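Worksheet for the structure shown next.
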Amino acid sequence: MNQAPASPATRSKPRWPRIWGSRFIQLLAFVALVTVYRFLVVHISGISLFFDEAQYWDWSRHLDWGYYSKPPFVAGLIWLSTQLFGSGVLGVKALGMLTYPATALAMVGFARALWPTSGGVRTGIVAGALYMTLPMVGLMGLVVSTDGPLILCWTLASWSLWRAQLTNRMSLWALCGLICGVGIMDKYTMAAFALTAIWTLWGVHGPQRGLFRKGPWVTIAVAALVVSPNIWWNVQNHFPTFEHTAQLTAQSGRSGGIVPTIVFLLGQVLMLGPVAVWAGYWLYKRPYQQEADTVPASQWAASSQMLPRGQFAAGPDGRPMAKSSAYYFASVSSYRFLWATSLPLLLIAIVQALHADAHVNWAAPSMVGLTLLIASRLSPPLVPLATPKPNRWLVIVLASNLLLTGVVVHLHDLAGGHLPNRWDVMVRMRGWHEAFADLAPVLDEPTVKGLPVMSDQRLLLTEALYEWRDRGIQPYAWNPGRTRQDHYQFRYSFPDKIGQDVILLTDTDKPNAIARRFGNVRLMKSTKVMVAPDRAIELHVFLLRGFLGYSQQSYDTQSGTLSTPSQDD
């Protein structure tokens, strides 16, 4: 007697491979342990804020849709962080530091989308653990910067783009646009994700391909809507952020060439970990004998993302039957997609290094795809779960990355304070609290109390604003050329109005170029804090009275002096 086919109501509901389990709990514990350790490093080391962090903190007190050198997301993130955890060093850094463990956990879901098998979930767990140990994350994870949110957005955008292309669901296209928009509002580097998206529209064989359909345009529209406040802010302020970005890249003051490019590429290897890179290469050259068609069907997701189960079958030669099959997506398209999330940004940075040098972190989001590629060799996603994995390699890679990062971070302590400053990665965050605490009593003296603080260096202004935050000082940037080379020249240039009194904060005991434009100059206090055997923070506070204008002509004009305008002093 033939059995009647099951009705739709009696069929099992499609499910993805389960993420929650003992391995994921182990990942959570590992991520939590490493994160707590990094918080302790910041707390115990006694470091203050890096000057970029101090500037972002200052921005967070004056929320806007844009700032001179960055879009507004990092300022909003720090505002929320200080509201939750206070304005101490850890309070400022907290949410920024937490973006890195968030990215590690997001990689698990991303990996499951790429390889919808139980093995794919395990690959994602390995990728999350590997990401948390990357030397790049070990160092950048100690500060709050635009890189943490950018990498998180890059991961989530890659995940949503992959799913959108495979399903053509409008909700996923809109989600991709939202994430890209938020990423651009954090750092304009996110715009380079468009290159990944362009390849994906044609390179991944979903229900539809190409640009001429509704989904990609929904992504563009949503991203444009999210970014529009920052664009309007730039229009109103004559495009300072775009101008700064152009100066930092195409018009960089540093010279590029072959040597800077080699240094940049070596930096990328160090960011991933030399042993991790070698392990990925070694295991790639020695692939498993079991191919994707040996994966039991029970390990695959019965998801609407995939085509019918018949598409899981492979041809007689063991190769996937169709480019739109589940096996092809997982065994071929997924790896190409990961390269597409990494190579375009890397190539842009390499061209930049050849042209005008490039900072090692400019291609940081490419680490997402590269980490998953290495993880796919340490824990192959398309072999049965019972297949032996190269666990010894995994332990060696994780341990080597942790050891390398630990030595770099703690080298100052291991050297007993005798480490040259060039080898101390945190040297530029040391000594500021002590130096400004020593100078602080000057601000309470009756002759200077309430006067604005001026400097000719952004670094000094940002550190002063943070370290003297309880005094609510008014900052000014010395700017005789009326340029806008940084945020403080852009927003707080010292006005060319004679007769003003001001406190000058400087790192030289003879600020002649500034002092000669005032009627009276008095040194109030100096301090010097050694932060390395060959480096010290030296600060001087002057009381300047009777501003004479930036030039003699300015003074003559404002004072009403009847004389022929003279040349600038």
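Residue 383 falls short on exactly one of the conditions (1) crowded, with 17+ Cβ neighbours inside 10 Å; (2) at pLDDT 90 or above, and that condition is (2).
So which residues in region 505-525 are touching a helix residue (DSSP H, G or I) at 6+ places or on another chain (Cβ under 9 Å) and either open to solvent by 50 Å² or more (accessible area, probe 1.4 Å) or aromatic (Phe, Trp, Tyr) (or both), if there are any at all? Within region 505-525, 507, 521, 525 qualify.
What about residue 502, is it open to solvent by less than 70 Å² (accessible area, probe 1.4 Å), farther than 15 Å from residue 456 by Cα and among the β-branched types (Val, Ile, Thr)?
Working: open to solvent by less than 70 Å² (accessible area, probe 1.4 Å): yes; farther than 15 Å from residue 456 by Cα: no; among the β-branched types (Val, Ile, Thr): yes.
No.
Within region 136-143, the presence of a residue that is outside any helix (DSSP H, G or I), more than 24 Å from residue 404 (Cα to Cα) and open to solvent by less than 20 Å² (accessible area, probe 1.4 Å) is excluded. The set of residues in region 526-538 that are open to solvent by 50 Å² or more (accessible area, probe 1.4 Å) and under 17 Å from residue 417 (Cα atoms) comprises 528, 530, 533, 534, 535. Report the residue count in region 43-68 for those that are in contact with a Leu (Cβ under 9 Å, 6 or more places away or on another chain) and surrounded by 20 or more Cβ atoms within 10 Å (Cβ to Cβ). Within region 43-68, residues that are in contact with a Leu (Cβ under 9 Å, 6 or more places away or on another chain) and surrounded by 20 or more Cβ atoms within 10 Å (Cβ to Cβ) number 7. Residue count for region 353-388, restricted to those that are assigned to a loop (DSSP other than H, G, I, E, B) and under 26 Å from the mean Cα position of the chain (by Cα): 5.
Yes or no, residue by residue, for (1) among the hydrophobic types (A, V, I, L, M, F, W, C); (2) touching a strand residue (DSSP E or B) at 6+ places or on another chain (Cβ under 8 Å); (3) surrounded by fewer than 22 Cβ atoms within 10 Å (Cβ to Cβ):
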site: 402; (1), (2), (3): yes, no, yes
site: 405; (1), (2), (3): no, no, no
site: 409; (1), (2), (3): yes, no, yes
site: 418; (1), (2), (3): no, no, yes
site: 438; (1), (2), (3): no, yes, yes
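Among the residues of this structure, residue 236 does not count as one that is farther than 21 Å from residue 150 by Cα, touching a residue at least 40 places away in the same chain (Cβ under 8 Å) and open to solvent by 40 Å² or more (accessible area, probe 1.4 Å). So is residue 510 in contact (Cβ under 8 Å) with a residue 60 or more places away in the chain and over 31 Å from the mean Cα position of the chain (by Cα) or not? The answer is no for residue 510.
Taking the condition modelled with pLDDT of 95 or more and open to solvent by 10 Å² or more (accessible area, probe 1.4 Å), does residue 172 pass? Working first, answer last.
Values: modelled with pLDDT of 95 or more: yes; open to solvent by 10 Å² or more (accessible area, probe 1.4 Å): yes.
It is true that residue 172 is modelled with pLDDT of 95 or more and open to solvent by 10 Å² or more (accessible area, probe 1.4 Å).
The residue of region 69-92 that is surrounded by the fewest Cβ atoms within 10 Å (Cβ to Cβ), among those that are more than 18 Å from residue 491 (Cα to Cα) and aliphatic (A, V, I, L, M), is 84. For first residues located in region 342-365 and touching a residue at least 60 places away in the same chain (Cβ under 8 Å) and among the aromatic types (Phe, Trp, Tyr), partners that are open to solvent by 70 Å² or more (accessible area, probe 1.4 Å) and not in a loop (DSSP other than H, G, I, E, B) and lie 6+ apart or on another chain with Cβ distances below 9 Å form the pairs 362/348. Among the residues of this structure, residue 112 counts as one that is at pLDDT below 95, charged (D, E, K, R) and open to solvent by 10 Å² or more (accessible area, probe 1.4 Å).
Residues that are within 19 Å of residue 539 (Cα to Cα), part of a loop (DSSP other than H, G, I, E, B) and not hydrophobic (A, V, I, L, M, F, W, C) within region 458-504 comprise just one, 474. Residues in region 443-474 that are modelled with pLDDT of 95 or more and open to solvent by less than 10 Å² (accessible area, probe 1.4 Å): 453, 454, 455, 460, 461, 462, 463, 464, 465, 466, 468.
In region 193-216, of all residues being polar (S, T, N, Q) and closer than 20 Å to residue 155 by Cβ, the one that is surrounded by the most Cβ atoms within 10 Å (Cβ to Cβ) corresponds to 196.
Here residue 195 does not qualify as part of a helix (DSSP H, G or I), in contact with a Lys or Arg (Cβ under 7 Å, 6 or more places away or on another chain) and not polar (S, T, N, Q). Counting only helices (runs of 4 or more DSSP H) that sit wholly inside region 19-101, those with at least 2 residues that are free of Cβ contacts under 8 Å to residues at least 12 places away in the same chain are 22-45, 73-85.
Considering 539, 544, the condition of being over 29 Å from residue 425 (Cβ atoms), assigned to a strand (DSSP E or B) and modelled with pLDDT of 95 or more is satisfied by 544 alone.
The values are calculated or read from the model by the stated rules, or taken from the named source; none is laboratory data. Computed from a predicted model, the values in this text were never measured in an experiment. Note that we place each Cβ from the backbone using ideal geometry, even for glycine, and neighbour counts take in every protein chain shown. Ligands, DNA and RNA are stripped out before the accessible areas are found, and what is left, the full protein with its side chains, is counted by its heavy atoms. Shrake-Rupley method; radii C 1.70, N 1.55, O 1.52, S 1.80 Å.
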